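Here is the structure we will look at, set down as structure tokens.
The values are calculated or read from the model by the stated rules, or taken from the named source; none is laboratory data. Quantities reported herein were computed from a predicted structural model and do not represent experimental measurements. Note that we place each Cβ from the backbone using ideal geometry, even for glycine, and neighbour counts take in every protein chain shown. Just the protein is used for accessible areas: all its heavy atoms, side chains included, with ligands, DNA and RNA removed. Shrake-Rupley method; radii C 1.70, N 1.55, O 1.52, S 1.80 Å.
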Amino acid sequence: MKLLLSVIFLIFSISSVFSQNATMLITPYKDSNCKNSGGGVGYGYVTEAAYANLIQQFGDFNDVVLFTQSTDGNQLKMSVLSADGSPLSVEVLTLGQCSYSKYFNNYFIAALNADLPSPSIQFNYMADESSFGSDCSVEVKDSFAFVTNGTTVNISNDENAIVETQQFTCVNDVPFLKVCRGKSCKTSEITSCFENQSYQATCVN
């Protein structure tokens, strides 16, 4: 009996450790069947880490995305909040199912401990100088954004007019960014704080 209780306790302990380290992955897809990943920006965060579910919207300095899992664990609310905290969009994704986001104009699958599409570029957030004294000096592990290789992201102004496009590619495990503003384009390797944004980029295969 003691042996059985010890085994049960061990299994419970192991399960607890894994649940505490669970990562929620919100993967974008190009099609309504969610067969072809890409076409937009995905997000991920460690579910048990404080505030990890509040992530700066990729390519936007003002807005954040708040992910909140339902009590039964079957749904994920995706709220886009402006700088003053007011909601710009509130949508619900069903875990493990292909769901459409009107705000992001993309299909997504939200799932726990899913694998990143391969190849992808993962962007880990960096702490800013206001908190740590030097710009982008501390990498945040608990939340991140990602795009599949070759993804193009449109950057809009306050009037929702596209002011530039950013295309992300991995070449020999080195991340590159092609930025186009009008007819002018420039391609460069992505360093720790590219284009004045606080991200560190890593190619994931």
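Remarks
- Restricting 153, 163 to those that are loosely packed, with under 14 Cβ neighbours inside 10 Å, out of contact with any Leu (no Cβ under 6 Å at 6 or more places or on another chain) and either modelled with pLDDT under 90 or of a type in the set (Phe, Trp, Tyr) (or both) reduces the list to 163.
- Close pairs from the stretch 107-135: first closer than 23 Å to residue 66 by Cβ and modelled with pLDDT of 90 or more, partner open to solvent by less than 50 Å² (accessible area, probe 1.4 Å) and charged (D, E, K, R), Cβ under 9 Å, at least 6 apart: 107/31
- Of all residues in the stretch 112-126 being among the small types (Gly, Ala, Ser) and in a loop (DSSP other than H, G, I, E, B), the one that is farthest from the chain's Cα centre (by Cα): 118
- Matching residues in the stretch 136-145 - criterion: being at pLDDT 70 or above and surrounded by 13 or more Cβ atoms within 10 Å (Cβ to Cβ): 140, 142, 143, 144, 145
- Selection status of residue 195, within 26 Å of residue 51 (Cα to Cα) and either open to solvent by 20 Å² or more (accessible area, probe 1.4 Å) or at pLDDT 90 or above (or both): yes
- Members of the stretch 89-111 found to be farther than 18 Å from residue 33 by Cβ, open to solvent by 40 Å² or more (accessible area, probe 1.4 Å) and in a strand (DSSP E or B), listed by number: 90, 92
- Taking first residues from the stretch 68-88 that are under 15 Å from residue 55 (Cβ atoms) and without any contact (Cβ under 8 Å) to a residue 40 or more places away in the chain and partners that are of a type in the set (Phe, Trp, Tyr) and open to solvent by 80 Å² or more (accessible area, probe 1.4 Å), the Cβ contacts under 8 Å between residues at least 6 apart in sequence or on separate chains come to 80/103; 88/103.
- Tally of residues being among the small types (Gly, Ala, Ser), surrounded by 13 or more Cβ atoms within 10 Å (Cβ to Cβ) and closer than 18 Å to residue 113 by Cα across the stretch 39-84: 4
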